[in-house]
Ligand SMILES: Nc1ncnc2c1ncn2[C@@H]1O[C@H](COP(=O)(O)OP(=O)(O)O)[C@@H](O)[C@H]1O
Ligand SMILES: [Mg+2]
């Protein structure tokens, strides 16, 4: 036995800390929670409130806009139809709403941080190891701080998803900007471009394909978090899978699992399509 | 008309610039400094007066510090020590907004590897300087079209850089610098990617430009024929040091040392047909 006298417990201090944060700054978390919840409800209201064929058509239009391949549009149509046929449409829309809101917030957080990393050596040196740690930690770990501060429900599920999914977007934004040809940036500088003009007129447009690859990875990671997030109150396909596991209803779990896979494929194709069309028009291919 | 003065400029690339600078001041040469401090000497005590309204040529082998030197004039590179004056005004003393104004209105540049923006069309590249200055598209485009025509790229204005050959890209870079309408133009091996015929045409145009518009042109080349043809004065660099400054005639008739003599010699060996 390890000697009793050498035991160290961080349990009490951590609990006290969380307690005092919640007591003293509860209003901050409540406000954040309110905003995110409103956003989730709005997304759900739109996706679940619209007739299925409107959402269906919107997906097909988006697919067409991303890659302009009729074959791909037909493929996406078949997949989405399968979702409906399995009776998973409503659950899929719930999951999609959570995904979209997580992705939007991840973009709002991730791209500015990525830009900051690209611009500041110090910031990169501090942040990159942090991102390494974040990406090697099991996704369950992210549930802990989310629950501590926000309790159970959709909001902590979204926050845990964001924390888990945002690192690739930060990394690839940073990479994309640093990869921009130095002489192009130099030329823009030499003609008197301001840092803002260079960022928005040169660096971000040229980094777009890389940033889109990061966005694609972020969406995929967010989807992989769906089942885990349902353990703390995210509804939708993840909850269905969890139910299937808990009641040993393998068929039910598998159906919902297929729904998740289909969502993943569709979102992957669409974001990759946009990434590739951003690449075109500036390279030989 | 703008006069450029470069005073005792040192540029050291690397971490321990202080030791390296002290060594350079004591007269140590580039390889000794590199061996001792790991720093690369870009420029070593360069002082130059570039007269207004002429073509001033900078020559030297690859790695001799030509690109580094011209980048000091628009402060794309900060010197480790020394001063740069344009019309008597200290460029190093400019604040960030003043420096941007200086770059917008006084000095433009043609880059060795073009530096074109791949996501903008030829025309949008050419009018970049004017757009940054705040001109609307409608105001800037006629100016751009005029310079596209001058460099012989009419019909390509809506193409993208990846659709052009190296020589065409170089002409886009040239048009961009000319369209900015500054009185100083820095040209870093601006003609090196052109084939001989177009190169000759461009040289003629440059001489014309100098006559018509009285621009101060700082022109980098490692081709002595080109230097002799267009340069009113020629400066020769070696390992970051200025070796000789003089008129083409002086360079040809009294080379300062072996290094310069070799440039001249190689030319006469090649047949060295005499240009204008
Ligand atoms: N950013 C840099 N970092 C380190 N060394 C550099 C850098 N830029 C130039 N140098 C060094 O400075 C010297 C001069 O380079 P450069 O001005 O590009 O020469 P040139 O244009 O005459 O070929 C070279 O030895 C080069 O290695
Ligand atoms: Mg060079």
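Only the coordinates and a few stated rules stand behind these numbers; no lab work does. Note that the coordinates shown come from a computational prediction; the quantities given were computed from them, not determined experimentally. Note that each Cβ is placed from the backbone with ideal geometry, even for glycine, and that neighbours are counted across all protein chains shown.
Odds and ends about this structure:
- Any helices (runs of 4 or more DSSP H) falling wholly within the stretch A:142-209 and containing at least 3 residues that are touching a strand residue (DSSP E or B) at 6+ places or on another chain (Cβ under 9 Å), within 14 Å of chain B (Cβ to nearest Cβ) and within 23 Å of residue B:182 (Cα to Cα): A:182-190
- Positions within the stretch B:212-244 being more than 13 Å from the chain's Cα centre (by Cα), away from ligand 1 (no atom under 16 Å from the Cβ) and either under 11 Å from residue B:58 (Cβ atoms) or in a loop (DSSP other than H, G, I, E, B) (or both), in sequence order: B:214, B:215, B:232, B:233
- Residue within the stretch B:201-215 that is away from chain A (no Cβ under 14 Å), closer than 18 Å to residue A:187 by Cβ and out of contact with any helix residue (DSSP H, G or I) (no Cβ under 6 Å at 6 or more places or on another chain) present: no
- Selected residue [within 12 Å of another protein chain (Cβ to nearest Cβ), within 25 Å of residue B:4 (Cα to Cα) and in contact with a strand residue (DSSP E or B) (Cβ under 8 Å, 6 or more places away or on another chain)] from B:132, B:110, B:86, B:91: B:110
- Here B:27, B:65 are screened, and the one residue that is within 17 Å of the chain's Cα centre (by Cα), more than 13 Å from every other protein chain (Cβ to nearest Cβ) and either more than 27 Å from residue B:207 (Cα to Cα) or surrounded by 22 or more Cβ atoms within 10 Å (Cβ to Cβ) (or both) is B:65.
- The lone exception for residue B:175 - which of (1) surrounded by 24 or more Cβ atoms within 10 Å (Cβ to Cβ); (2) within 12 Å of chain A (Cβ to nearest Cβ); (3) part of a helix (DSSP H, G or I) it fails: (2)
- Verdict on residue B:60 being more than 14 Å from chain A (Cβ to nearest Cβ) and within 16 Å of ligand 2 (Cβ to nearest atom): yes
- Within the stretch B:106-133, residues that are more than 16 Å from residue A:185 (Cα to Cα) reach partners that are within 16 Å of ligand 2 (Cβ to nearest atom) with beta carbons closer than 6 Å, at six or more positions or on different chains, in the pairs B:107/B:74.
- Scanning the stretch B:138-148 for residues that are over 19 Å from residue B:209 (Cα atoms), within 14 Å of another protein chain (Cβ to nearest Cβ) and assigned to a helix (DSSP H, G or I) turns up at least one hit.
- Residues that are under 21 Å from residue B:173 (Cα atoms), within 16 Å of ligand 2 (Cβ to nearest atom) and under 13 Å from the mean Cα position of the chain (by Cα) occur at least once in the stretch B:92-109.
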